[in-house]
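The values are calculated or read from the model by the stated rules, or taken from the named source; none is laboratory data. Everything numeric here is computed off the predicted structure, so don't read it as measured data. Because the Cβ atoms are built from the backbone with ideal geometry, glycine has one as well, and the counts that use them run over all protein chains shown.
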Amino acid sequence: MRKISIFGATGSIGQNTIDLILRAPNDYDVVALTGGANIAQLAQDAIALRADIAVTAFEDRLPDLRAALAGSDVAAAAGQAALTEAAARPADWVMSAIVGAAGLAPGLEALKQGATLALANKESLVCAGALLLETAKTHNARLLPVDSEHSAVFQGLAGEDITAVERVIITASGGAFRDWPMADLRAATVAQASSHPNWDMGQRITIDSASMFNKALEVIETREFFDVAPEQIEVVVHPESIVHALVGFRDGALMAHLGAPDMRHAIGYALHWPDRRELPVDRLDLARLAQLTFRAPDPARYPALQLAYDVMARRGLMGAVFNAAKERALDHFIAGRIGFLDMADIVARVLVQFDSGDRGLDEAMTLDTVRQIDHLARIEADNVILDHVR
Ligand code: NAD
Ligand code: MG
């Protein structure tokens with residue numbers, strides 16, 4: 001039996017992972033499940049999967065979690081330190097599906113105990129790619145992509161020589177507003193930005209898809225995961241979300257990965273890798289689909305995309321600044337304090353502040369320096385936003 005843990009078990013990726021695990025429960029020995037405020041879901045899944053421990057990120061919810069687990073053998077814990085402790089429990093395979101920079105510390109801890117880390121939490125790679133990769137190397141652990149585009153690239157690279165790769169193309173659906181007139185975008189609401197045409201995901205990544213910040217994070221994720229140069233990474237808008245990514249080789253060949261928009265494919269691939277097992281995803285009927293369309297992303301509509309290239313030019317801790325500023329801008333958009341198009345403006349201004357000032361951007365990358373710069377970038381983003389709403 002493989003020992004597994006799921007971080008962010010109550011979210012969209014976490015629930016899809018559990019769906020796969022529950023189809024073959026005898027194959028897995030579940031160590032830890034973690035969640036946030038949805039205590040009922042966390043407890044229900046921990047009991048169903050016979051987990052050793054369930055952890056909520058929120059300390060004040062410990063009594064609720066204890067009550068929900070009463071009568072079962074599942075231990076309860078709460079708080080950020082408990083999350084990291086749970087990640088230190090030996091496991092063969094760990095799903096990293098917390099949303100945001102909060103996923104970094106547990107991910108690092110899982111790598112330190114040698115686990116294979118299935119990485120949905122792209123933010124940790126954007127914040128601290130070099131640190132994650134180095135930690136994996138030191139502890140003989142492995143990182144596997146779960147983001148659909150990166151899983152597709154990874155599959156496209158199997159058996160290939162990375163030096164023969166000319167370019168990597170990741171696709172973007174274009175999100176909720178891809179066909180909206182530009183003039184309407186300024187007034188787009190949170191509710192409108194929270195519905196995705198093709199994928200069913202958590203609210204934050206859904207809004208990031210509409211703004212293209214999600215793709216910006218994924219461009220950086222591509223750079224970190226596959227060590228390709230920024231100028232080799234392209235984004236193409238593909239409204240049908242059937243082609244997830246393409247790898248271009250120096251002989252001109254393009255290898256595309258196609259599949260139904262269902263995260264259980266990428267999760268299942270990472271779960272069973274290096275095997276391919278049967279998965280409960282829809283099979284494509286190409287004749288019925290009839291056509292697939294592609295177009296270049298409009299930089300005026302998606303200013304976030306260029307920011308990813310600015311961040312990659314600077315590298316180091318700039319990724320942590322970018323992610324933190326993006327998280328704060330998104331918080332303020334969700335809270336109704338700023339408009340949809342303000343998010344990219346605010347993040348751009350924070351990047352400029354850090355690029356020009358002496359803010360510790362050139363320090364060596366450790367968990368502490370990443371946390372420090374993340375903290376400073378959030379404060380800077382809040383200041384820029386205060387300035388903006390005034
Ligand atoms: P979600 O909002 O549905 O779930 C997030 C999970 O993280 C929940 O379990 C929540 O309780 C937990 N969480 C939230 N804040 C936390 C904190 N501060 N500390 C600890 N735990 C916390 O999000 P999701 O859509 O499942 O996305 C999870 C991750 O996977 C994100 O990094 C996202 O970018 C990535 N991802 C998601 C999809 C998708 O289809 N949903 C696809 C590709 C990548
Ligand atoms: Mg993706």
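Remarks
So that you can scan it fast, the table gives a plain yes or no per residue for (1) touching a strand residue (DSSP E or B) at 6+ places or on another chain (Cβ under 7 Å); (2) in contact (Cβ under 8 Å) with a residue 60 or more places away in the chain; (3) within 14 Å of ligand 1 (Cβ to nearest atom):
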position: ALA9; (1), (2), (3): yes, yes, yes
position: ASP19; (1), (2), (3): no, yes, yes
position: ASN26; (1), (2), (3): no, no, no
position: VAL30; (1), (2), (3): yes, no, no
position: ASN38; (1), (2), (3): no, no, yes
position: ALA46; (1), (2), (3): yes, no, yes
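- Count of residues meeting criterion [crowded, with 24+ Cβ neighbours inside 10 Å and among the aliphatic types (A, V, I, L, M)] in region 40-55: 6
- Residue within region 67-89 that is over 14 Å from the mean Cα position of the chain (by Cα), under 25 Å from MET365 (Cα atoms) and in a strand (DSSP E or B) present: no
- Residues of region 90-122 that turn out to be among the polar types (S, T, N, Q) and more than 16 Å from ligand 2 (Cβ to nearest atom), as a count: 2
- Residue in region 157-168 that is within 14 Å of ligand 1 (Cβ to nearest atom) and either buried (at least 21 other Cβ atoms within 10 Å of the Cβ) or touching a residue at least 12 places away in the same chain (Cβ under 8 Å) (or both) present: no
- Selection status of LEU125, under 22 Å from the mean Cα position of the chain (by Cα), under 21 Å from GLN203 (Cα atoms) and within 16 Å of ligand 2 (Cβ to nearest atom): yes
- The lone criterion from (1) buried (at least 21 other Cβ atoms within 10 Å of the Cβ); (2) more than 16 Å from ligand 2 (Cβ to nearest atom); (3) among the small types (Gly, Ala, Ser) left unmet by SER151 is number (2).
- Region 57-77, residues that are crowded, with 19+ Cβ neighbours inside 10 Å and either over 29 Å from ASN140 (Cα atoms) or acidic (Asp, Glu) (or both): ARG61, LEU65, ALA68, LEU69, VAL74, ALA76
- In region 109-122 there is no residue that is of a type in the set (Ser, Thr, Tyr), assigned to a loop (DSSP other than H, G, I, E, B) and modelled with pLDDT of 95 or more.
- For ARG264, the test of being within 20 Å of the chain's Cα centre (by Cα) and closer than 30 Å to TYR28 by Cα is passed.
- Scanning region 287-322 for residues that are among the polar types (S, T, N, Q) and over 27 Å from THR366 (Cα atoms) returns GLN291, THR293.
- Only listed residue being surrounded by 20 or more Cβ atoms within 10 Å (Cβ to Cβ) and either more than 29 Å from ASP275 (Cβ to Cβ) or within 19 Å of the chain's Cα centre (by Cα) (or both), chosen from SER195, SER211: SER211
- Residues of region 15-36 that are crowded, with 21+ Cβ neighbours inside 10 Å and either farther than 14 Å from TRP93 by Cβ or within 16 Å of ligand 2 (Cβ to nearest atom) (or both): ASN16, THR17, THR34, GLY35.
- Scanning region 101-130 for residues being within 14 Å of ligand 1 (Cβ to nearest atom) and among the polar types (S, T, N, Q) gives a total of 2.
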